[in-house]
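A.B. asks: Right, I'll just put the structure down here and ask away after.
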Amino acid sequence: MRADRLLRLLMLLQRHGRATAPWLAQELEVSTRTVLRDMDALSAAGVPVYTEQGRGGGCVLLEGFTTQASGLTPTEAQALFSWAARETAGDLGLGADLTSALAKIAATAPAQAVQQAEAFGDVVLADRRRWFAAVDDVAWLPALREAATAGRRVRISYASAESTSPSVRTVHPVGIVDHSGRWYLVAEHRRQQRTYRVSRVQDVQVLAEPVDLADPRPLSEVWDDLRRRFEGGAAPTRVTVSVDPDAEGELWRLLSMQLAPGSQIEVRNGGGDRAVWSLQARLPSVVASTAVLKAREMTLLEPQWLRDEVAAGAERALATYGRPPEPPGAMRQDEQHA
């Protein structure tokens with residue numbers, strides 16, 4: 001991230017005072033042109049850096065700029081500078097402000113704190129992306145941040161997951177939440193609390209009217225209630241399956257995705273080669289679908305009503321797709337017993 005790179009550039013200049021742009025580019029693993037642009041950014045943030053042309057020139061930090069006045073400890077510096085590696089500020093439209101603030105702090109931090117913070121940045125990486133998921137486009141997040149901070153109503157064009165076209169609605173922002181790399185607007189619509197995934201917002205108009213919230217609680221309490229409501233929307237179903245040992249790894253991953261919050265797969269010996277697993281499933285229909293697709297590797301034992309769903313699903317699949325052709329040279333079951 002650019003903020004992290006600017007801090008590393010400043011730390012290198014604090015340590016050496018003067019360095020050539022090509023050497024800095026090699027240390028930062030960027031181009032010389034990028035180093036020069038970053039020098040301009042530091043200068044714009046109020047850091048007294050400049051470049052000199054010709055023999056003996058290079059990138060220079062004004063002598064005596066670093067002081068010991070802040071009293072920042074190494075661990076405090078690590079905690080503070082860890083934000084430079086986060087994408088949160090950039091998403092919110094505050095990336096440049098974070099860069100400026102951290103550059104000023106780094107310039108007045110003790111040398112030991114700066115050096116340990118630099119080492120910390122080399123060994124810690126914050127990756128908020130979900131596995132196999134694209135990065136959300138949150139172009140309207142800065143506008144929503146400003147509206148929520150100012151306490152203003154917003155008119156949004158929103159394409160919900162259940163709709164084929166966006167709809168326009170006026171909402172009263174409570175705040176914005178970063179949940180595992182996905183941003184949500186928490187707002188009241190018609191006096192009811194709702195969540196809106198920011199990547200589905202297609203337009204934002206900040207209105208002059210102030211918000212009028214029916215629930216004045218802090219955002220953290222409202223979010224906790226919304227989360228509990230979502231996770232507890234349907235009671236989990238106790239499901240028992242038997243599993244082929246050769247397929248345990250894949251099936252464990254698949255079924256773990258369906259675990260109810262706070263639960264885990266319980267394993268016991270089934271009395272033969274196959275293990276028996278019991279779990280609280282959030283969506284039993286997904287477990288049933290897995291049982292149809294993985295019929296040889298996994299057998300659904302309980303509950304009976306879900307076994308009936310598996311059998312009915314298998315019949316529907318045969319009716320839709322038909323039986324697969326027999327491989328060449330294979331004997332039909334009636335021929336094997338002739």
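A.B. asks: Cβ under 12 Å from A161's Cβ, A161 left aside: what net charge do those residues give with Lys, Arg +1 and Asp, Glu -1?
C.D. replies: +1
A.B. asks: While we're here: What's the extension gain from R18 to R307 if we count 0.36 nm per residue and subtract their Cα-Cα distance? Please report the intermediate quantities before stating the final value.
C.D. replies: Working: separation 289, 0.36 × 289 = 104.04 nm, distance 7.34 nm.
Value of the extension gain: 96.7 nm.
A.B. asks: Just want the ordering: F120, F230, F132, from fewest to most Cβ atoms lying within 10 Å of their own Cβ.
C.D. replies: Lowest to highest Cβ neighbour count: F132, F230, F120.
A.B. asks: Then there's this: Tell me, what HN-Hα J-couplings in whole Hz come from the Karplus equation 6.51 cos²θ - 1.76 cosθ + 1.60 at θ = phi - 60° for each residue of segment 259-268, using x for Gly and Pro?
C.D. replies: Result, rounded to whole Hz: 5, 5, x, x, 10, 8, 6, 9, 10, 9.
A.B. asks: What ranking of S167, S43, S157 emerges when the number of other C-beta atoms within 10 Å of each C-beta is taken as an exposure proxy, fewest first?
C.D. replies: Numbers: S167 10, S43 13, S157 16.
By the 10 Å Cβ count, ascending: S167, S43, S157.
A.B. asks: What list do you get for S220, S199 if you sort them by fewest beta carbons within 10 Å?
C.D. replies: Going from least to most buried by this count: S220, S199.
A.B. asks: What nm distance separates the two modelled labels at L254 and R169, each placed 7 Å from Cα along Cα→Cβ?
C.D. replies: Calculated label separation equals 3.6 nm.
A.B. asks: Based on DSSP H runs of at least 4 residues, each adding -39500 (n - 2.57), what is the mean residue ellipticity at 222 nm of the chain after dividing by all its residues, to the nearest 500 deg cm²/dmol?
C.D. replies: Estimated from H runs of four or more residues: -12000 deg cm²/dmol.
A.B. asks: Compute the FRET efficiency between T149 and R229 as 1/(1 + (r/R0)^6), taking r as their Cβ-Cβ distance and R0 = 35 Å, and round to the nearest 0.05. Provide the component values of the computation, followed by the final result.
C.D. replies: Working: r = 26 Å, r/R0 = 0.74.
The calculated FRET efficiency here is 0.85.
A.B. asks: If I model a spin label at A133 and E29 as a point 7 Å from the Cα along the Cα→Cβ vector, what separation in nanometres do I get?
C.D. replies: Taking the simple label geometry, A133 and E29 are separated by 2.6 nm.
A.B. asks: Given an 8 Å cut-off on Cα distances and at least 6 residues of separation, report the relative contact order of the chain as a percent.
C.D. replies: 10
A.B. asks: Next question, about the same structure. At 25 °C and a viscosity of 0.890 mPa s, what translational diffusion coefficient does Stokes-Einstein give for segment 250-298, taking Rh as the Kirkwood radius over Cα pairs? Give it in µm²/s as a whole number.
C.D. replies: 215
A.B. asks: Something else: Which one is right for this structure if P(r) over Cα pairs in 20 Å bins from 0, in percent is calculated from it: [x] 31, 59, 9, 0; [y] 21, 36, 31, 11, 1; [z] 33, 61, 6?
C.D. replies: Looking at P(r) over Cα pairs in 20 Å bins from 0, in percent for this model, the match is [y].
A.B. asks: A further question on this structure: Check which residues have an amide H placed less than 5 Å from G175's amide H, if you skip close sequence neighbours.
C.D. replies: The answer is V186.
A.B. asks: According to the Kirkwood expression over distinct Cα-Cα pairs, how big is the hydrodynamic radius of segment 237-321, in Å?
C.D. replies: Result for segment 237-321 stands at 12.9 Å.
A.B. asks: Indicate the gyration tensor shape class of segment 141-231 (rounded, prolate or oblate), computed on the Cα atoms with a ≥ b ≥ c the square roots of the eigenvalues: a/c under 1.5 is rounded; otherwise a/b larger than b/c is prolate and the rest oblate.
C.D. replies: Here segment 141-231 falls in the rounded category.
Readers should treat all values here as calculations from the given coordinates under stated rules, not as data from a laboratory. Computed from a predicted structure; not experimentally measured. Please note: Cβ atoms are built from the backbone with ideal geometry, for glycine as well, and neighbour counts cover all protein chains shown.
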